[in-house]
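To start, the structure itself, in structure tokens.
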Amino acid sequence: MVEGGLIMASHKISQDHYTQALARGRQALAEPHAVSARYVASARVLELAYSNGLTLRIDPKEVPALKDLPRSALMQAYVTPGGDGLLFGDSAIAAVSIPGLIARLIPVDIARRAVAAARGSVRSSSKAAAARRNGAKGGRPAKARPAATI
């Protein structure tokens, strides 16, 4: 079926699939994500507003993909519907991943610690089973203490 130059899908989804998709969408919206972007000319910064009230200001000159963009394009910053991308200019002359943009601004050692902490806090059945197996072997060995010198 063609309507307005677009091809329309003709298959139907089940109520169950619809309910699952709706739940996934609500869960995604519950996570903090960018909702708007604007270029603050007086401060020469790009300002990202998040769904949780957080505001992040970024100097475009510090971002390789943005440093050569004209001010007119920066003034037309647009957050993509998923909240994870930025488009610039009428014809989207530049596109930037927001997670990638933020990752470039965080020192590598801090980012690694954050990722390790997030992965370490994951609770899964396989992780619980591994902990039980290790516990059955006696658990984590005690730290070796240096001998006292007199």
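The values are calculated or read from the model by the stated rules, or taken from the named source; none is laboratory data. Nothing here was measured: the structure is a model prediction, and the numbers come from that model. Heads up, the Cβs are rebuilt from the backbone with ideal geometry, glycines too, and the neighbour counts pull from every protein chain shown.
Structure notes:
- Count of residues meeting criterion [aliphatic (A, V, I, L, M), within 28 Å of Arg26 (Cα to Cα) and buried (at least 18 other Cβ atoms within 10 Å of the Cβ)] in the range 71-95: 4
- Boolean, Asp109 is within 23 Å of the chain's Cα centre (by Cα), among the acidic types (Asp, Glu), surrounded by 11 or more Cβ atoms within 10 Å (Cβ to Cβ) and at pLDDT below 90: no
- Counting only strands (runs of 3 or more DSSP E) that fall entirely inside the range 21-107 and contain at least 3 residues that are touching a strand residue (DSSP E or B) at 6+ places or on another chain (Cβ under 6 Å) and not small (Gly, Ala, Ser), the qualifying elements are 34-40, 45-50, 55-58, 85-88.
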